[in-house]
Amino acid sequence: MAVDPDLQETMRRAGVHVTSFEQLIDWGRSNSLWPLQFGLACCAIEMIAATMARYDMARFGAEVFRPSPRQADLMIVAGTVTKKMAPQVVRLYNQMAEPKYVIAMGACAISGGPFKEGYNVLKGIDRFVPVDIVIPGCPPRPEALLDGLMALQTKIRQEKLLGPNRARHASASIPGDVPVPIFGPHDLEPSANRAIWNPPTIPRKPDVA
Amino acid sequence: MSAAPKWIPPGIGLLQGLAVTGKNFIGSFFRADRMTTVQYPEERVTLSPNSRNIPFLVFDGGDPDTGLRCVACGICEKECPPQCIYIVLDRDENGKSLKRPKVFDIDASVCMNCGICAEVCPFDSIFMDQEYELSSADRFKGLLFDKATLAKSATYHAKIRPLEAAAVAERKRAEEAKRAAAQAAKEAKAKADAAKKAEAPPTISNARPAGGSASPPDLSPTRSGQESDPPKSTQPTAPEEAP
Amino acid sequence: MSAPVDSLSQPRFVAGDNGDRLLQVSLGPQHPSTHGVFRMNVDLDGETVVRLKPVFGYLHRNHEKIAESATYLGSIPYTDRLDYICSLTNNWAYALAVEKLAGIEVPERAEYLRIITAELTRLINHTAFAGFILGDMGAWGSALMYAFREREKILDLFEDLTGARMMCNYMRFGGCRCDTPEGWVDRAKKVVAEYPAFLDELEQLLLGNEILLARTRDVGALPAATLLDGGITGPLLRAAGCAYDVRKVDGYGLYSRFKFRVPLGGHGDCYDRIMIRFLEMRESLAILREALDTLPAGPVINPKVKVRAFKPPVGEAYARIEGPKGELGFYLVSDGSPRPYRYRVRPPSFINLTLLEDMCLGRDLADVVVILGSIDIVLGEVDR
Amino acid sequence: MSPASAPTFLETLPLLPQRLIGDALRSLGIPEAFAAAAETAVAAIIVFSLFAGMFALLSLIERKVLARVQNRPGPNRVGPCGILQPVADGIKMLTKEDVVPVSADRLLHFLAPVLIVIPSILALGVLPYGREWVPVPATLGLLFFFAVGAMTELSIFLAGWASGSKFPLLGAMRAIAQMVSYELPLILSATAVVMLSGTLSLPEIVEKQGGWTLGFLPAWNLFTPWGLVAGSIFFIAGIAEANRCPFDLPEGESEIVAGHMTEYSGFKYALFFMGEYLGLFALSSLGITLFLGGWQAPLPGLGFVPSYVWFFLKLAVVIFLFLWIRATFPRVRMDQLMRFAWMFLIPVALLNLPSAAVWHYAGGGLMGWLACGPFLVLPYLALTIHFNRKLAQSTRTYRFAE
Amino acid sequence: MNPEPAVILEQIRAAVPAARPVLLRNPGPAGQDSILLDTASAQDVFRFLKTAPGLEFDLLSNLTGTDWPEPATAHSVGVPPEIPPPPAQGFLEVVCHLYSTLRREGPLVVRMRTADRAEGAHLPTLTPVYRSAEFQEREVFDLFGVVFEGHPDLRRILMWDEFHDFPMRRDYVAPDDYEYEPTPHEAVWERAKEHYAVPDGTSETGAPAPPQSLGLADEAACEAACSPLREERDRLSPNPPASDREVTP
């Protein structure tokens, strides 16, 4: 029973701000995203530069970088996730309190980036952790990170807390925890979390377009 | 530094530190160099013309499909360090190359913005774009840029990189001039042969048909791009002789 | 299956050598002041460190394996990502090694541009170091913000010259990729002219502060001989009094043309390491002023060198430069093919951590954080 | 002392709801005990809602002041120049999942944040905000304040110990050591004030600071030699009690992740946040009451301004001092913290008591300053000698090799 | 500035006769010739190089490994003078670059080679002589598999402890996770081939065909294909609903 937009618009012009309870919660959550203090590689330096004086992520309410995963609600995976680091990243994701969001910042976090041929590099964190927003670039400019943060904020504002396609954290069926991979003799076991990672197949053959 | 160790009253260092932060606090209200924030969505940092992010393909004229400069030679595909370019050459029905890419995909989620593809391209057909707002919710569809999204007009290139576009245009003009001159020289020579043949006795029947079948325009790249680039040998990753 | 409650969560007690119980804490890969994904397994008796074992590898991105299957030109953008704060000095070290491997000369203007960009990178690194070490000590924010405010000015210069803020990919074998855009040299002169005023302000905020004096004096001090034996180079070694600067020793590039001094410390503790870096910044400014004034005209790259399909002759070479963190070396073995047979990076951050345990034994947990900060490591270079 | 004329309407404005409700209940024939209880309840609600609002405001102001120091505007997109930022933080904190670690002791884990907020609110009750406005007029206000204030140490230790993992454990150990050793100088510096004002009741202490010396200087305790020493000791110990930088070791962010608060998420963490700020308000209010003349006006001619305005102005100045220090100083190490408290603050605080006595018998004024002079100079000289001797080569010389 | 390995070779031969040092000429323009040592007495030679009055090589700047499966390429890079024909099988090599900070002398390149690339990959450790070798030797052990006898703490340094292979060797094959490769060509295409369905629906190696290929263009097809996946994911998720979590490490 959300408020229908044109009524809301006319009321707003008359100075009365009408909103639904759901929109209020989403507005509150989107404007107070506290990132986890968790930088991996070069993108972490650009993330720090985004919080510095020139780009100032604090304007979006995302200034408080909490070192403990308990108090953070946004995990910005900034940098290369190696296979040795993957279990720690997944454990950190599990320890974050719901509702939690993940931004994959930079080519390495999305798909392994320039280092995807490496034997110790995980080809993208979305093999183990559900990712909300991806920001390409190597490293993406601080403005690109702010653009990704604003994209996440608009996504949170449209989240539904009830109904069929409700938000991930609101539906009891989707588990908040993600199984933590274990170190195997040659690779992580399992090498990807099939419940989360299901890529489309692209028709690729040298002479078949 | 005076010989005897100068006695420093304690607390002075703390006050000096407070003075610095105080000066910055007061200054942030009045002086521009103490309030350096560029409020991103409203104000933007003016990018330098050299700035580079994800590459784009240039096309002359209006229609991206026909005007694309790229001839699918695959040099950028081989030279790209993270190997994030995928080119399939367009062939007509009987397999003759149309010197045009049928598929030209760049995986933006792997590209490392290094600019080597633009540096090694002999045809000035790929340059580095300055567009950085590419964040998306979906990794698979959102970040695999195909030929349509990559193609941008030469005027766009001139807008973001005036000097480089001017240099490319000037080079192209020089090429055109050289080709035209070569063309003119060829016609002149053909005319001269025809004239000489006319005076010479008509006994020798010249097998070559009359001038006019000028040699097809030489499309080989004028800028000396080395062709003899060995394919990336598969030796390091999957060698045959296992110990 | 969410992992069972493993022993990681319980406070784990380890038997100390004299029988008492030590609390084993892992200043884990995710920790506010380990400058990235670096982990230290620390055994604490109360708050004093009894045993400290560093754990590496969380950012091992297999740079050397990828370089073996890439061309020489293709590895240059990867060197930007080694020590991702100082990309241009990495480029220069790699280009120097390949030039020594293939015997390539570099024109004069390119040498000047290399010195200018390397010294600007040294400024960035030492300024960011000052910001981070004050953050490790607890004043999170102010010093780091002022440091990054100046760093942004230099990053604008790099973006103008090379096209990227952090990943410049600027050096090529035999020179630099492109010449300076018009007006760049004047902008660089202006930034260099304004820098000393900022350094004075940062010193006033930082170096007189009694709390900082108390936190850094006589913390993590080791004699120069021990440091040398541990392979430690760079500002750490000079803070202990050993005059060893690769710019003076090897005299690579055209450093011999510039008058600059090498500051030496007396005690080798954290305070000296901070002071040495501040004095080095002033020396870099002197070099920059001189180099920018006498920048000669001329070609920026040696025309005889092929950009693609570059095949150096068979042989091997080891070349090194004085990176902001220490001696950064590249060891290349070429078997005549366009791909290096062996590609090894001599990482100053990784080797400077050899004596981390010796510096931290018997000190507090808070000191471990400051000592690690004073060594100034970057994980891209430590784990390669 | 302004003549005891009838207090102006503005003066009694904060007491209006309390009195209206009291009279209404009495007119309804409710027995006096219940009516009085209702009055104090209303007073308590007013004070708590006032300080809760100021807590929300301060969480925004702290971020904006820190931002201004760091050349950036701070949160300014949520509502006009960031006003609604605390509202957004509050909503997010309320809707956050409350994670209780498996290895934690559930009851204590829940109890700790509650125990940190209660004492701060209780302590706020006894402070005299205005000439008329004393929520709970207690004759032993100061004693009550310190008795209740001691509970915050317990709750921080409880939080650290009950969380069950390593970093909170370290945070808890640090908290106990720091808070106990800084409670002493806090109380000793307050005893100097009690000695001279002869009473434990806070409103009377403020009244005694009325009047002017030399015509325009207010007779606050700070402008006396012993008051200067006691005030600065109280301020430094107050920073340590409120766990503010440079003494924020229990929550040593760069060393032990988030200290005792590592295992708290959602609203429990917000309670810790609130507890810390309310503790800050309480300590700085007490400091103002003891040394800066509570609601006394700074200049003679300002009688028309209601008294509580001065109180909150001084509170704003003291809080700004806290923020300014937080933006500048690094953190002290644990042993330095302890050595500073036991070797310097406590001896100087003890030395300050005879200095107060000398001031009293020297009759104050110029003679008092001369008599108390040595008590002032002696500790500073000792600190200078110690500071320069221990860090002997404080000015180090550096060689340069060619 | 660059030391003459030939001169130093004679001094080593005089001081430590058992070492049998050999001068390997560097054909490249760098001109950094190297000394090949016999592994048995390596520590004594390094101790001599460090302490001898005229040498004082006190900084072991760089210690790294190289994998030579074919000895021929090794001998093309470091040309031995007139050594008997190269040994039959390949070997692992450790290269050290020594510097003298007092005499400001350039890199002295010293090499040590293992017997073979399998069981015989043993070398004496240099940690007692140069402390800087500790971490670098652990890295060579981790990535190349050279066991350094006498090393105080020989563990893997970069890879996780349960890892078995030695990844920097030339014959190491990385595990196969080429399922989603949007831009495969040449070597990557060889490895990604089995994941891509040939037009008739089954993949070449008979592995179960992944969900039918989703044309990127049509949105509806993608949605229709994804919904069964979502139900399967809900059914598949093994772990219980979010109860209590572990604790921060």
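A few points about this structure:
- Matching residues, region C:238-283, being within 14 Å of chain D (Cβ to nearest Cβ) and small (Gly, Ala, Ser): C:Ala239, C:Ala240, C:Gly241, C:Ala243, C:Gly251, C:Ser256, C:Gly265, C:Gly266, C:Gly268
- Condition met for E:Gln32 (within 26 Å of the chain's Cα centre (by Cα), of a type outside the set (Gly, Ala, Ser), surrounded by fewer than 21 Cβ atoms within 10 Å (Cβ to Cβ) and within 15 Å of E:Cys96 (Cβ to Cβ)): no
- Hits in region A:1-19 (condition: among the hydroxyl-bearing types (Ser, Thr, Tyr) and in a helix (DSSP H, G or I)): A:Thr10
- Pairing each residue of region D:90-111 that is at the interface with chain A (Cβ under 8 Å from one of its Cβ atoms) with any residue that is part of a loop (DSSP other than H, G, I, E, B) and at pLDDT 90 or above, provided the two are 6+ apart or on different chains, yields C-beta distances under 6 Å for D:Lys92/A:Ser32.
- Listed conditions (1) open to solvent by 30 Å² or more (accessible area, probe 1.4 Å); (2) within 14 Å of chain E (Cβ to nearest Cβ); (3) within 24 Å of C:Glu111 (Cα to Cα) are all met by C:Lys190, apart from (2).
- Scan of region B:20-41 for residues that are at the interface with chain C (Cβ under 9 Å from one of its Cβ atoms), modelled with pLDDT of 90 or more and open to solvent by 50 Å² or more (accessible area, probe 1.4 Å), ordered by number: B:Lys23
- A count restricted to region A:143-196 and to residues that are at the interface with chain E (Cβ under 8 Å from one of its Cβ atoms), surrounded by fewer than 16 Cβ atoms within 10 Å (Cβ to Cβ) and hydrophobic (A, V, I, L, M, F, W, C) stands at 1.
- Breaking point among (1) at pLDDT below 90; (2) more than 10 Å from chain C (Cβ to nearest Cβ); (3) buried (at least 19 other Cβ atoms within 10 Å of the Cβ), for E:Phe46: (1)
- Scan of region C:227-272 for residues that are open to solvent by less than 10 Å² (accessible area, probe 1.4 Å), assigned to a helix (DSSP H, G or I) and under 26 Å from E:Phe57 (Cβ atoms), ordered by number: C:Leu227, C:Pro235, C:Leu236, C:Leu237, C:Arg238, C:Ala239, C:Val246, C:Tyr255
- Selected residue (only one of D:Val78, D:Val102 is of a type in the set (A, V, I, L, M), touching a Ser or Thr at 6+ places or on another chain (Cβ under 9 Å) and within 24 Å of D:Lys64 (Cα to Cα)): D:Val78
- Qualifying strands (runs of 3 or more DSSP E) (wholly inside region C:287-364; at least 2 residues being on the phi < 0 side of the Ramachandran plot, of a type in the set (A, V, I, L, M, F, W, C) and crowded, with 22+ Cβ neighbours inside 10 Å): C:315-323, C:326-334
- Residues (of a type in the set (S, T, N, Q) and touching a Pro at 6+ places or on another chain (Cβ under 6 Å)) located in region D:59-86: D:Ser59, D:Gln85
- Scope region E:176-197; condition within 26 Å of the chain's Cα centre (by Cα), more than 8 Å from chain A (Cβ to nearest Cβ) and not in a loop (DSSP other than H, G, I, E, B); matching residues: E:Ala187, E:Glu190, E:Arg191
- Some residue of region C:122-136 being hydrophobic (A, V, I, L, M, F, W, C) and part of a loop (DSSP other than H, G, I, E, B): no
- In region A:20-57, the residues that are part of a helix (DSSP H, G or I), hydrophobic (A, V, I, L, M, F, W, C) and at the interface with chain D (Cβ under 8 Å from one of its Cβ atoms): A:Leu24, A:Ile25, A:Trp27
- Only listed residue being open to solvent by 50 Å² or more (accessible area, probe 1.4 Å), within 14 Å of chain C (Cβ to nearest Cβ) and in a helix (DSSP H, G or I), chosen from B:Glu176, B:Glu170, B:Glu164: B:Glu164
- Qualifying position, being aliphatic (A, V, I, L, M) and under 19 Å from D:Leu58 (Cβ atoms), among D:Leu278, D:Leu217, D:Leu249: D:Leu278
- Filtered residue count, region E:164-178, keeping only those that are of a type outside the set (Phe, Trp, Tyr) and within 15 Å of C:Glu64 (Cβ to Cβ): 5
- For region E:134-179, a residue qualifies if it is of a type in the set (Gly, Ala, Ser) and surrounded by fewer than 17 Cβ atoms within 10 Å (Cβ to Cβ), and exactly one does: E:Gly150.
- The lone criterion from (1) open to solvent by 20 Å² or more (accessible area, probe 1.4 Å); (2) within 26 Å of D:Pro330 (Cβ to Cβ); (3) touching a Leu at 6+ places or on another chain (Cβ under 7 Å); (4) not aliphatic (A, V, I, L, M) left unmet by C:Asp200 is number (3).
- Residues within region D:118-132 that are open to solvent by 10 Å² or more (accessible area, probe 1.4 Å) and either assigned by TED's automatic domain parsing to the domain that holds D:Phe48 or in a helix (DSSP H, G or I) (or both), tallied: 4
- Hits in region A:81-97 (condition: away from chain D (no Cβ under 14 Å), over 16 Å from A:Lys116 (Cβ atoms) and hydrophobic (A, V, I, L, M, F, W, C)): A:Val89, A:Val90
Listed here are the residues, each with its yes/no results for (1) among the basic types (Lys, Arg); (2) more than 8 Å from chain E (Cβ to nearest Cβ); (3) farther than 21 Å from E:Phe144 by Cβ.
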position: C:Ala317; (1), (2), (3): no, no, no
position: C:Glu322; (1), (2), (3): no, yes, yes
position: C:Leu328; (1), (2), (3): no, yes, yes
position: C:Val333; (1), (2), (3): no, no, no
position: C:Pro340; (1), (2), (3): no, yes, no
position: C:Pro348; (1), (2), (3): no, yes, yes
position: C:Leu361; (1), (2), (3): no, yes, yes
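- Subset of region C:203-226 [surrounded by fewer than 22 Cβ atoms within 10 Å (Cβ to Cβ) and among the hydroxyl-bearing types (Ser, Thr, Tyr)]: C:Thr226
- Tally, over region D:303-317, of residues that are under 17 Å from D:Phe291 (Cβ atoms) and in contact with a Ser or Thr (Cβ under 9 Å, 6 or more places away or on another chain): 3
- The one condition in (1) open to solvent by less than 10 Å² (accessible area, probe 1.4 Å); (2) in contact (Cβ under 8 Å) with a residue 40 or more places away in the chain; (3) farther than 30 Å from C:Asp367 by Cα; (4) of a type in the set (Phe, Trp, Tyr) that C:Tyr78 fails to fulfil: (2)
Okay, residues lined up against (1) at pLDDT 90 or above; (2) more than 26 Å from the chain's Cα centre (by Cα):
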| site | (1), (2) |
| --- | --- |
| D:Leu15 | no, no |
| D:Arg19 | no, yes |
| D:Val42 | yes, no |
| D:Asp89 | yes, no |
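- Scanning region A:75-96 for residues that are closer than 26 Å to D:Tyr264 by Cβ and hydroxyl-bearing (Ser, Thr, Tyr) gives a single hit, A:Tyr93.
The values are calculated or read from the model by the stated rules, or taken from the named source; none is laboratory data. Because the structure is predicted, anything quoted here is derived from the model rather than measured. We place every Cβ from the backbone using ideal geometry, glycine too, and count neighbours over all the protein chains shown. These accessible areas exclude ligands, DNA and RNA; they are computed on the full protein's heavy atoms, side chains included. Shrake-Rupley method; radii C 1.70, N 1.55, O 1.52, S 1.80 Å.
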